[in-house]
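Below is one structure, written out as structure tokens; the observations come after it.
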Amino acid sequence: MKPNTAQITTLKIDGHDCGARSDETILDVAQENNIFIPTLCHIDGLQDIGACRLCLVEIKGSNKLLPACVTRVQEGMEVTTNSPRLQHYRKAILEMLFSERNHICSVCVSNGHCELQWLAEQLGLTHISVPYLHPKLEVDASNRRFVADHNRCILCTRCVRVCDEIEGAHTWDLYGRGVDTRVVSDLKQPWGESESCTGCGKCVHVCPTGALVEKGRSAGEMTKRGQFLPYLTLMREERQ
Amino acid sequence: MTLDELRELAETEREKQTQVKHEIHVCTAAACLSQRSDQVKASLEAEIKAHGKEDCCKVKGVGCMGLCAAGPLVSDESNGRLYQNVRPADENTDTKEIVASLESEPVERLSLSPELPFFKEQKKIVLENSGKIDPERIEDYICAGGYEALLTALTEMRPLEVIEQITKSGLRGRGGAGYPTGLKWSTVAKASPHNGAKYVICNGDEGDPGAFMDRSVLESDPQRVLEGMAIAAYAVGANRGFIYVRAEYPLAIKRLKIAIKQAETMGLLGANIADTTFSFKIELRLGAGAFVCGEETALIASVEGKRGNPRPRPPYPAQEGLWNAPTLINNVETFANVAPIIRNGGAWYAAIGTEKSKGTKVFALAGRVANTGLIEIPMGMPLRHVIYQLGGGIPDNRRFKAAQTGGPSGGCIPEEYLDMPVDYESLASVGSIMGSGGLIVMDETSCMPDVAKYFMDFCCTESCGKCIPCRVGTVHMHNLLSRITAGEATPEDLALLERLCDVVRNTSLCGLGQSAPNPVATTLKYFRKEYIDHIHHKRCTAGVCEGLARPGKDDKPKGKPAEVTA
Ligand SMILES: Cc1cc2nc3c(=O)[nH]c(=O)nc-3n(C[C@H](O)[C@H](O)[C@H](O)COP(=O)(O)O)c2cc1C
Ligand code: SF4
Ligand code: SF4
Ligand code: SF4
Ligand code: FES
Ligand code: FES
């Protein structure tokens, strides 16, 4: 366990008084208090990167929106997690995600078990107003047990982080930039030929969408088990 | 080397130089080199030799003289003559004539008046040595007073006193955001070291299209940047520094390498500088050339050998930067201001410029002006003065339309603000920014939606792709602008474009995405009519957008054969 040098602070989230340790993030404290903040790149047990921007919240006294997953709490902070302005931006961000690659849920193995789809439902996204970009991307089925379908990838890099931080293999990384960014295994080798991949499947189970899945699943069948991470992290910390 | 030894060296060098009657300077910075100024220099040397004038004439390769468009530039320091467009001997007789006329009337055909407002109206602090010293000889820099500030700081000032002078000077970061330099330094100074380390980084990425201020400073006066970094390191308590330069700047890299080596040899960098306990080592890091790598957290990741992606701030580099240690990161021009401030005092610097924007700023003046090149002006000079006096106005009797400042993060300023002073606050008040100092002048032949499209194209290809609003939003914005300039857009597209400006600005992770909408937003604000023309009337007034009608010329909607009426 980390040495407990953190101080206790109090803050207000959506009007509720909350107690927190000064090393906690707004998201940590919100979750402890059952306040829902949408997230995609965050997953308990991995380092946060603040990339998906869905967890943006308002802080009193500042016009800038801050990502709850990487913003530390401060004494006396007043946080709003759900305003019309935030809802507007969150929907806009989700719309962009749906427009970026192919997300025709009805033919997707993750249909019904997908965090992106679930968030769209939660936030009441019924249609999108930006044009579809629909690039044609490859599906890498070279691995014996898993498939990587780049058409469903939202570049949250959870796979990259779990493989690096937990499995220690660092099979996954990013290639390219901007809208051409791809998740690649090793030096852009087919997954099946990856020398570093241990086949543990952690990436598959932390992937929030149908981008990394097990083979042999048909539409709507693939369920993920990402809950093991906090446990693994805890075990590791105790061993050290 | 001690301060006394340094001064002695400067004196010897000065004596040596005064013995030369004609010191002929040839610009050997990038723009002039591309016009074969190295050959010009060789021709001049050969000609002097042929005339047997070696003992009274010396040719010196110097840094940028500013008016790059007229290069190669040659000057004679003894009589203040200045020549433009000088060709080497294998092209014509320019160099022959110059040498032949040393004691007689100047070569009229090549003469450029040093009395031009372009030269007269500048105030050179950062560029004071540019075009005067040989950037590859540390003795030249020392002769010009170089390293006095560092040695004075080390031997006569406490770190806090150094910071005090920088704070007093009012210097603000020249990399774009204009953050107070003294405040940044004192934050890093107060931070406790991580594993015993703190770092200083010089940001020489300069990714803005059209900008070449930092490159020019590094090519023309590299020692000054090293000296600024060393003073900063002493002030904040760092012992290691990095200069991040993009690999596309080979000349800057070459001269930095030479400069570092020479400074180390003289004991002005490295262990126990000037026999004090202070040691400072500088290393070069080459960037592959990505705009986003200029963003400080991305740059730090890149120096660490990782993918150059930005990360959310806080924590700021001043608290947790390179390898998690407190890190001072400043721009090239910011560091170049440090030595003169220490030499002359913070109050001296603060007396120049405006109330909130002190000192001078270097601009790369480009576009539709007669004199393009590099200028350094006191803050607060009216934009009109910059364009019409220094810039020499707009060629071909065309009308001014807009000035673009700050590159892809900046905006377009319309004619009604021409009398605005050039300072941080004024530029921000009209929706643009100072940025790193790109200044592009546009006349009626520029189409504003097309300009916006150009910058958006840049932003979407340069986005790192980490966060969604920037990665995807800029692509949508670029596509919409393409539709507008192609005459295919609907009024709904315009509404969507405005909505995306707001979303991308407010939700992106780093400055690239947060500022990417600026060129679009400012052109929408000041030149909305042009957007409406493109969308509703399928008309491009500037005549830039292919396939669209030009009023007065072919005032016909798209698709029909153009009928020339004027
Ligand atoms: C996309 C982006 C690109 C940037 N590029 C540069 C650059 O090329 N050079 C630079 O000095 N600062 C650049 N900056 C600003 C730096 O992040 C940082 O603020 C600056 O180096 C700090 O130095 P200063 O305080 O001396 O200005 C950039 C910022 C962003 C967001
Ligand atoms: S990954 Fe999720 S959102 Fe995308 S198609 Fe599959 S179910 Fe739908
Ligand atoms: S493959 Fe899955 S986990 Fe990896 S970046 Fe794409 S969506 Fe995220
Ligand atoms: S704003 Fe653009 S450049 Fe910055 S982190 Fe996001 S994607 Fe990368
Ligand atoms: S969860 Fe915070 S930015 Fe993605
Ligand atoms: S490069 Fe020669 S004058 Fe600028």
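Ordered by packing density, taken as the mean number of other Cβ atoms within 10 Å over each peptide's residues, highest first, how do A:189-200, B:58-69 rank?
So the order, starting with the most tightly packed, is B:58-69, A:189-200.
Using a 7 Å offset from the Cα along the Cα-to-Cβ direction at both B:Asp419 and B:Thr490, what is the distance between the two label points in nm, to one decimal?
4.5 nm
Residue farthest toward the positive end of the dipole of the stretch A:22-95, with Cβ of Lys/Arg at +1 and Asp/Glu at -1: which of A:Gln74, A:Ile35, A:Cys55?
After comparing all options, I get A:Cys55.
Rounded to the nearest 5, what is the percent of antiparallel bridges among the DSSP beta bridges in the stretch B:176-287?
Restricted to the stretch B:176-287, the bridges split so that about 15 percent are antiparallel.
Please get the size of the charge dipole for the stretch B:12-114, origin at its Cα centre, with Cβ charges of +1 on Lys and Arg and -1 on Asp and Glu, quoted in debye to the nearest 20.
180 debye
What list of ³J(HN,Hα) couplings, whole Hz, do you get for the stretch B:333-340 from phi and the Karplus terms 6.51, -1.76, 1.60, once you set θ to phi - 60° and write x for glycine and proline?
The phi angles translate into 5, 4, 5, 5, 7, 5, 4, x Hz.
Which of rounded, prolate or oblate describes the stretch A:198-240 when judged by the alpha-carbon gyration tensor and an a/c cut-off of 1.5?
In terms of gyration-tensor shape, prolate.
Assuming R0 = 56 Å, what is the FRET efficiency of A:Glu237 and B:Ser113, from their Cβ-Cβ distance, to the nearest 0.05?
That gives a FRET efficiency of 0.15.
Magnitude of the Cβ-charge dipole of the stretch B:54-191, K/R +1 and D/E -1, about the Cα centre, nearest 20 debye?
1060 debye
Counting other C-beta atoms within 10 Å, and keeping those with at most 15, which DSSP coil chymotrypsin sites (Phe, Trp or Tyr not before Pro) do you find in the stretch A:86-146?
Here the sparse-neighbourhood loop sites are A:Tyr132.
Ranking request for peptides B:47-53, B:471-477: highest mean number of other beta-carbon atoms within 10 Å first, then the rest in descending order.
Ranking, from highest mean packing down: B:471-477, B:47-53.
Could you tell me what percent of the DSSP beta bridges with both partners in the protein assembly as shown are antiparallel, to the nearest 5?
Taking every DSSP beta bridge with both residues in the protein assembly as shown, the antiparallel ones total about 60 percent.
Once you keep just the Cα pairs under 8 angstrom separated by 6 or more residues, what percentage relative contact order results for chain A?
Result for chain A is 19 percent.
Within the stretch A:79-98, list the residues whose amide N lies under 20 Å from a label point set 7 Å along Cα→Cβ of A:Asp17.
Only A:79-81 pass the distance filter.
Other chains near B:468-481: what is the mean number of their Cβ atoms within 10 Å of each residue's Cβ?
The per-residue average across the peptide is 6.
Before rounding to the nearest 500, sum -39500 (n - 2.57) across all DSSP H runs of length at least 4 in chain A and divide by the residue total; then give [θ] at 222 nm in deg cm²/dmol.
-6000 deg cm²/dmol, from helical runs alone.
Under the Karplus relation 6.51 cos²θ - 1.76 cosθ + 1.60, θ = phi - 60°, what is the ordered set of whole-Hz ³J(HN,Hα) values for the stretch B:380-394, x standing for Gly and Pro?
x, 5, x, 4, 4, 4, 4, 6, 8, 8, 5, x, x, x, 9
Hey, with R₀ at 60 Å, roughly what FRET efficiency would B:Asp396 and A:Leu123 work out to, going by the Cβ-Cβ distance, to 0.05?
According to the calculation, E is roughly 0.65.
Return the long-range amide H neighbours of B:Val59 (sequence gap of 5 or more, or a different chain), with a cut-off of under 5 Å between placed amide H atoms.
B:Ile24
Taking the Cβ of B:Ala271 as the centre, find all other residues whose Cβ is under 14 Å away and add up their charges (Lys, Arg: +1; Asp, Glu: -1).
Cβ neighbours under 14 Å give a net charge of 0.
Which value in nm describes the separation of the simple spin-label points at B:Lys261 and B:Ala351, placed 7 Å from the Cα toward the beta carbon?
The two pseudo-label positions are separated by 4.2 nm.
If contacts are Cα pairs under 8 angstrom and at least 6 residues apart, what is the relative contact order of the stretch B:317-375 in percent?
That works out to 14 percent.
Please give the average number of partner chain Cβ atoms lying within 10 Å of the Cβ of each residue in A:172-181, rounded to a whole number.
6
Taking K and R as +1 and D and E as -1, what net charge do the other residues with C-beta under 14 Å from the C-beta of B:Glu425 add up to?
+2
What is the gain in length, in nm to one decimal, between B:Glu161 and B:His536 on full extension, counting 0.36 nm per residue of separation less the C-alpha to C-alpha distance?
128.8 nm
Pop out the ³J(HN,Hα) list for the stretch B:207-216 in order, Karplus 6.51 cos²θ - 1.76 cosθ + 1.60 with θ = phi - 60°, rounded to Hz; leave Gly and Pro as x.
Per residue, the Karplus-derived 3J(HN,Hα) values read x, 4, x, x, 8, 8, 5, 5, 4, 5 Hz.
Let me spell out the model: positive unit charges on the Cβ of Lys and Arg, negative unit charges on the Cβ of Asp and Glu, origin at the Cα centre of the protein assembly as shown. What dipole size does that give, in debye rounded to 20?
Its charge dipole is roughly 1680 debye.
What does the structure give for A:145-156 when I average, per residue, the other chain Cβ atoms found within 10 Å of the residue Cβ?
Shielding by partners across A:145-156 averages 1.
Sorted by average packing, counted as other Cβ atoms within 10 angstrom per residue and highest first, what order do B:425-431, B:106-112, B:207-213, A:177-183 take?
B:207-213, A:177-183, B:425-431, B:106-112
Classify the stretch B:188-256 as rounded, prolate or oblate, taking a ≥ b ≥ c as the square roots of the eigenvalues of its Cα gyration tensor: rounded when a/c is under 1.5, otherwise prolate if a/b is larger than b/c and oblate if not.
Prolate, since a/c reaches 1.5 and a/b exceeds b/c.
If you find the alpha carbon centre of the stretch A:104-133 and of the stretch B:398-413, how far apart are they in angstrom?
Going from one Cα centre to the other spans 41 Å.
For the stretch B:43-98, what's the relative contact order in percent, using C-alpha pairs closer than 8 Å and at least 6 residues apart?
With pairs under 8 Å counted, the relative contact order is 29 percent.
List every residue whose amide H lies under 5 Å from the amide H of B:Gly353, counting only residues 5 or more places away in sequence or on a different chain, with H placed 1.01 Å from N in the peptide plane.
Under 5 Å from the amide H of B:Gly353 lie the amide H atoms of B:Gly359, B:Met379, each far enough along the sequence or on another chain.
Is it possible to state the helix-based mean residue ellipticity at 222 nm for chain B, with each DSSP H run of 4+ residues giving -39500 (n - 2.57), the sum divided by total residues, to the nearest 500 deg cm²/dmol? What is it?
Mean residue ellipticity at 222 nm (helix-derived): -11500 deg cm²/dmol.
Values quoted throughout were computed directly from the atomic coordinates according to the rules given, and no laboratory measurement underlies them. These numbers come from a predicted model, not from an experiment. Glycine gets a Cβ as well: all are built from the backbone with ideal geometry, and neighbour counts include every protein chain shown.
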